[in-house]
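Following: one structure in structure tokens, then a few remarks.
The values are calculated or read from the model by the stated rules, or taken from the named source; none is laboratory data. Nothing here was measured: the structure is a model prediction, and the numbers come from that model. Here the Cβ is made from the backbone with ideal geometry for all residues, glycine too, and neighbour counts use every protein chain on show.
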């Protein structure tokens, strides 16, 4: 079981996301108002709070959403889970579709730190059932 630490969105691709009080997730679409929403396999991105904290301990000064992640979750190491894993948070059901991604060329975090954790630790999901998620909610692995 994990705990949602932050929910983040942005209205444009390729920029850091901003922490918001709640997100409305739409089935087979993604987060209402987020640039990455759409009919594809990367509708909602997740990153482990624990991995972010390890990165911060090495000197990175990053805010929630800095890696382009939608959900920051404590207590789950997403990169170790198999594709097809399902997560439930309130009414929302997400299915893991991709682990990692190629980093944006010229990523500000990579330029400063010489590395970025999103390419190896970030995961992507598609939305099987929509609803609302807020910081403090519990995210559980259901399959």
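Rundown of residues vs (1) closer than 17 Å to residue 139 by Cβ; (2) in contact (Cβ under 8 Å) with a residue 40 or more places away in the chain; (3) touching a strand residue (DSSP E or B) at 6+ places or on another chain (Cβ under 7 Å); (4) not in a strand (DSSP E or B), yes/no style:
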| site | (1), (2), (3), (4) |
| --- | --- |
| 25 | yes, yes, yes, no |
| 35 | no, no, no, yes |
| 46 | yes, yes, yes, no |
| 51 | yes, yes, no, yes |
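Among the residues of the range 53-94, those identified as at pLDDT 90 or above, at negative phi and assigned to a loop (DSSP other than H, G, I, E, B) are 63, 64, 69, 70, 76, 77, 81, 82, 83, 85, 91. Is it the case that some residue within the range 112-124 is out of contact with any helix residue (DSSP H, G or I) (no Cβ under 8 Å at 6 or more places or on another chain), modelled with pLDDT of 95 or more, surrounded by 14 or more Cβ atoms within 10 Å (Cβ to Cβ) and assigned to a strand (DSSP E or B)? Checked the range 112-124: at least one residue is out of contact with any helix residue (DSSP H, G or I) (no Cβ under 8 Å at 6 or more places or on another chain), modelled with pLDDT of 95 or more, surrounded by 14 or more Cβ atoms within 10 Å (Cβ to Cβ) and assigned to a strand (DSSP E or B). On inspection, residue 100 qualifies as modelled with pLDDT under 95, at positive phi, in contact with a helix residue (DSSP H, G or I) (Cβ under 8 Å, 6 or more places away or on another chain) and surrounded by fewer than 19 Cβ atoms within 10 Å (Cβ to Cβ).
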